[in-house]
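Here's the structure, in structure tokens; my notes come after.
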Amino acid sequence: MSMLIRLVPGFAEIDAALRDIAPSGYILALNVRYMSPEFYHVTYPAEWVETYTRRRYVMFDPVVLWSVVGTGTKRWSEFSVAGMKATSLRVLTEARAYGLNFGAMIVARNATADNEKCLISAARPDREFTDDELQTLNEIFQRLLAAVGKHAGLTASERSALQGLAEGLSQEEVANRDGVSKDTIKKRVERARKALGAANATQAVAIAVMKGLVTLNDIEAYRFTSKG
């Protein structure tokens, strides 16, 4: 959650709004690739999370399985139980014991990575989500995607600074290119480093390259590691 607090402006308020809409809890799984999310946050009851994890229910959960192949918004009640395997039915049945009686999921593809998805799944104990609540849930979801979905929370100036380093420029050369002080570039790189969870500027560039946030046209650009 600490990463989301850093990346998403007003995340505490977002969390409060989600808890109000989804009193039984919610899951955020952002930038999911091969069933592994880059950002993950869950507020479901801890006992259910422990049971779900220990029994590896993710492999049988019909809601999760739909998210692998589908996109859009869907209430849990819209999943047909006909033809479901016994384990999938058990997941739904056991979840109800923890107040996860009604729920909804929103799934979207990343704007710049077709093989990555983002999703939010929310639950209530008492009734179906209303259309207005689903709209609010989607608005919150889109706000989260804007923060971490496409550019991992980096501003254009921060990506530009990393791009300069990736091209083999020193921080001073990037500053001269952009017409700003070296101290400004240093601060931009430091903000990018923290947003990406990197240990140093070199690792920040490597992560940014991996995510497609900056590009390397020549492997020799990695010589930036010897510059200031």
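The values are calculated or read from the model by the stated rules, or taken from the named source; none is laboratory data. Because the structure is a prediction, the values reported are computed rather than measured. Cβ placement follows ideal geometry from the backbone for every residue including glycine, while neighbour counts extend to all protein chains displayed.
Say we look at segment 24-38 and pick out the residues that are under 29 Å from Arg127 (Cβ atoms) and under 8 Å from the mean Cα position of the chain (by Cα); which of these is surrounded by the most Cβ atoms within 10 Å (Cβ to Cβ)?
Checking each candidate, the answer is Leu30.
Could you tell me which residue of segment 89-112 is farthest from Glu133 (Cα to Cα), considering only residues that are out of contact with any Gly (no Cβ under 9 Å at 6 or more places or on another chain) and small (Gly, Ala, Ser)?
Here the residue is Ala97.
So, restricting to helices (runs of 4 or more DSSP H) that lie completely within segment 104-213, which ones have at least 3 residues that are closer than 30 Å to Val49 by Cα and assigned by TED's automatic domain parsing to the domain that holds Ile14?
Those helices (runs of 4 or more DSSP H) span 131-148.
Residues to consider are Val174, Val214, Val180, Val209; find the one that is at pLDDT 90 or above and buried (at least 17 other Cβ atoms within 10 Å of the Cβ).
When all the criteria are applied, what remains is Val174.
Looking at Ser121, Ser226, can you tell me which residue is closer than 30 Å to Thr73 by Cα, of a type in the set (Gly, Ala, Ser) and either crowded, with 21+ Cβ neighbours inside 10 Å or modelled with pLDDT under 95 (or both)?
Ser121
Kindly list, by first and then second residue, each pair from a residue in segment 40-60 that is assigned by TED's automatic domain parsing to the domain that holds Tyr98 to a residue that is of a type in the set (Ser, Thr, Tyr), limited to pairs with Cβ atoms under 6 Å and residues at least 6 apart or on different chains.
The qualifying pairs are Thr43/Tyr26; Pro45/Tyr98; Trp48/Tyr98; Phe60/Thr87; Phe60/Ser88.
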